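Asks: Sharing a structure with you now.
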Amino acid sequence: MTGEILNKFSDLITTALGLVAALAWSEAIQQLFRQLFGETGGALAAEFFYAFVVTACGYLRIHSR
């Protein structure tokens, strides 16, 4: 029982850290694209790139188990 609880807490902490990292990367990527493509083009490119990265990470995480 204790091992199960520790594993669940480990999963929750990993997920929380992943969310924080994703938010940090999101802002960094948006700033990069704004500098490269200007305000309008950069925002759109950053959204598509971010969506692709999050989807790829989710896919890899789900299929790595």
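The values are calculated or read from the model by the stated rules, or taken from the named source; none is laboratory data. Keep in mind it's a predicted model, so treat the numbers as computed, not measured. Cβ placement follows ideal geometry from the backbone for every residue including glycine, while neighbour counts extend to all protein chains displayed.
Asks: Under 8 Å by Cβ, and 6 or more places apart or on different chains, what pairs join a residue from region 39-55 that is over 14 Å from TRP25 (Cβ atoms) with one that is surrounded by fewer than 11 Cβ atoms within 10 Å (Cβ to Cβ) and at pLDDT 80 or above?
Replies: Here the result reads GLY42/GLN35, each pair linking region 39-55 to a residue that is surrounded by fewer than 11 Cβ atoms within 10 Å (Cβ to Cβ) and at pLDDT 80 or above.
Asks: Against the condition of a type outside the set (Val, Ile, Thr), part of a helix (DSSP H, G or I) and out of contact with any helix residue (DSSP H, G or I) (no Cβ under 7 Å at 6 or more places or on another chain), how does ALA51 come out, does it pass?
Replies: Taking the combined requirement at face value, the residue satisfies it.
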